[in-house]
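The values are calculated or read from the model by the stated rules, or taken from the named source; none is laboratory data. Keep in mind the model is a prediction, meaning the values are calculated, not measured. Cβ atoms come from the backbone with ideal geometry, glycine included; neighbour counts cover every protein chain shown. Surface accessibility is based on the protein's heavy atoms, side chains included, excluding ligands, DNA and RNA. Shrake-Rupley method; radii C 1.70, N 1.55, O 1.52, S 1.80 Å.
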Amino acid sequence: MSSTRHQPAPTHPDGPGPSGRHVDTVSITQLQPADHAAFLALLDLADEEGVPEEVEDLLTLPPLGQPFTHGPALCLTAHTPRTASPVGAVFATLSDWAFQQPMNPILAYLITTTILYTNALAVAPDHRHKGIARTLLTEVETRARDTGYRLATLHHAPELTDFYASLGYTSARQVLAVFPSGVRAMPPSSYLTAVKPLDPDVRVHTVPGAPAPVVTGLLPDCDLPAHMS
Ligand SMILES: CC(C)(COP(=O)(O)OP(=O)(O)OC[C@H]1O[C@@H](n2cnc3c(N)ncnc32)[C@H](O)[C@@H]1OP(=O)(O)O)[C@@H](O)C(=O)NCCC(=O)NCCS
């Protein structure tokens, strides 16, 4: 897979985009060594507590196969023609959530290979509201879908619910998922959890009486249990 993808939209460098907003052509690139510091500085914008040291360590690793670029992480940057440094960054990786559940480790491994978690997404303040975050996240989803991932997840602040809904995410305080071992709650967070199916067999159900949306179809035969149907 090419490490750089030029986005067809926005299509008018330096001119107004379809919504009338001022836009630049943006290219999405796999993180390059020269941009490590700028990448980490951008990710800092997305996390009040700063980027964990482990993230920096991952940047030295060779990719663990597609869709990853650095160890088990997918690190992409957004560039515009007029800036030397990246103006946007996204960091996505595996979720270790299944391994924290009381379930067979082989099952936990299989679940881990179905879900891609976007840990951090950020755009430089001067370049916001031009569709750059949308473009970065869409690229993460495309690469995840192309390599067999079935669900995209992330956590976000409540004020971004409409933004993520416009990209196809369902957000809630808690999200449940059906597995052969039963219905499990996805990782808890002080933020909202958002989920988006990447495969037509995966669905997010709003079940009357259930405490949260329910994800089905991540693994074969993981349908809604009878008491929820
Ligand atoms: C959130 C963020 C990544 C959006 O980047 P962006 O490139 O401006 O996003 P896009 O242009 O693709 O989409 C913009 C839309 O996001 C939504 N949005 C962005 N910031 C928002 C906020 N603070 N409150 C409500 N909606 C917001 C709006 O719907 C906005 O639409 P508009 O431009 O018509 O107003 C950027 O504001 C940022 O880096 N914030 C700090 C880090 C952060 O909060 N990251 C998200 C962690 S989950």
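General remarks:
- Counting Lys and Arg as +1 and Asp and Glu as -1 over every other residue whose Cβ lies under 14 Å from the Cβ of residue 68, the net charge comes to -1.
- For the chain, the longest principal axis of the Cα atoms and the long axis of helix 132-146 meet at an angle of about 50 degrees.
- With all protein chains kept in place, the per residue accessible area of the chain amounts to 50 square angstrom at a probe of 1.4 angstrom.
- Stokes-Einstein D in µm²/s, Kirkwood radius over Cα pairs - region 150-229 at 25 °C with 0.890 mPa s viscosity: 192 µm²/s
- Three semi-axes of the equivalent ellipsoid, the chain, Cα gyration tensor, whole Å, largest first: 31, 20, 16
- To put it simply, the accessible area of region 150-229 at a 1.4 Å probe is 54 percent carbon and sulfur.
- Given charges at beta-carbon only (K, R positive; D, E negative), |dipole| of the chain in Debye: 660 debye
- Förster radius 45 Å - calculated FRET efficiency between residue 224 and residue 85 (Cβ-Cβ, nearest 0.05): 0.45
- Net charge, residue 89 excluded, C-beta distance under 11 Å - Lys, Arg +1, Asp, Glu -1: -2
- Along region 72-80 the Karplus relation, 6.51 cos²θ - 1.76 cosθ + 1.60 evaluated at θ = phi - 60°, assigns HN-Hα couplings of x, 10, 9, 10, 10, 10, 10, 10, 10 Hz to successive residues, with x for each Gly and Pro.
- Label sites at residue 101 and residue 201, each approximated as a point 7 angstrom past Cα along Cα to Cβ, lie 1.7 nm apart.
- Helix-only mean residue ellipticity at 222 nm for the chain, each DSSP H run of n ≥ 4 adding -39500 (n - 2.57), per residue, nearest 500: -5500 deg cm²/dmol
- A full extension of the chain between residue 163 and residue 190 corresponds to an added length of 7.9 nm, given 0.36 nm per residue minus the alpha carbon distance.
- With both residues required to sit in region 150-229, DSSP beta bridges show an antiparallel share near 90%.
- Between region 105-125 and region 153-229, the C-alpha centres lie 14 angstrom from each other.
- Taking each residue as 0.36 nm, the span from residue 47 to residue 173 lengthens on full extension beyond its C-alpha to C-alpha distance by 43.5 nm.
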